[in-house]
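Working notes, beginning with the structure itself.
The values are calculated or read from the model by the stated rules, or taken from the named source; none is laboratory data. Only a predicted model underlies this, so the values are computations on that prediction, with no experimental measurement involved. Backbone-built Cβ (ideal geometry, glycine too); neighbour counts: all protein chains shown. Accessible surface areas use protein heavy atoms only, side chains included; no ligands, DNA or RNA. Shrake-Rupley method; radii C 1.70, N 1.55, O 1.52, S 1.80 Å.
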Amino acid sequence: MDDTIIKILEKREIKPTSIRILVLKAMQEFNRAFSLGDLENKLVSVDKSTIFRTIHLFHEKQLIHNFDDGSGSVKYSICKDDCNCEVDDLHVHFYCNYCKNAFCLENVIIPKFDLPDNMQIESANFVIKGYCGKCNKIAT
Ligand SMILES: [Zn+2]
Ligand SMILES: [Zn+2]
């Protein structure tokens, strides 16, 4: 059962220790972007500094990406299999004003901007705010 998780870790050149498998599993269980606090609440038995270090490693190895949804805490999300976290992989994120959850819109690519010649894009933080599908029903 853990085989796929181990493969995901190995593909990103991360040694699949039991704690990393546990953390990645917990990340997969969110069907939305998550914060460090979300993970801490989910993994109460795991040392907080271990969670922090694991997130840092996953981010460094481009297994996850992060973005600022304006809620005050950085949100993380698992990257798609073929994501290299390059400019071409940058996508729009959605923040629900109602349930306060953030989601990846992987198919909504950040538009190309005409930047001055001497400037080059490295990252972009593009967050759309509104109501998610679930909350839209409640709101209307
Ligand atoms: Zn919502
Ligand atoms: Zn994303």
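Worth pointing out:
- Of all residues in segment 88-99 being more than 10 Å from ligand 2 (Cβ to nearest atom) and either open to solvent by less than 50 Å² (accessible area, probe 1.4 Å) or more than 26 Å from Glu10 (Cβ to Cβ) (or both), the one that is nearest to the chain's Cα centre (by Cα): Tyr95
- Condition met for Phe67 (crowded, with 19+ Cβ neighbours inside 10 Å and either in a strand (DSSP E or B) or not polar (S, T, N, Q) (or both)): yes
- Cβ-Cβ contacts under 9 Å between residues 6 or more apart (or on different chains), taken from a first residue in segment 8-19 that is among the basic types (Lys, Arg) to a second residue that is part of a loop (DSSP other than H, G, I, E, B) and surrounded by fewer than 15 Cβ atoms within 10 Å (Cβ to Cβ), are listed as Lys11/Asp81.
- Tally of residues being of a type outside the set (Ser, Thr, Tyr), open to solvent by 100 Å² or more (accessible area, probe 1.4 Å) and either in a helix (DSSP H, G or I) or out of contact with any strand residue (DSSP E or B) (no Cβ under 8 Å at 6 or more places or on another chain) (or both) across segment 104-140: 11
- In segment 70-87, of all residues being open to solvent by less than 30 Å² (accessible area, probe 1.4 Å) and touching a residue at least 24 places away in the same chain (Cβ under 8 Å), the one that is farthest from Glu106 (Cα to Cα) corresponds to Lys75.
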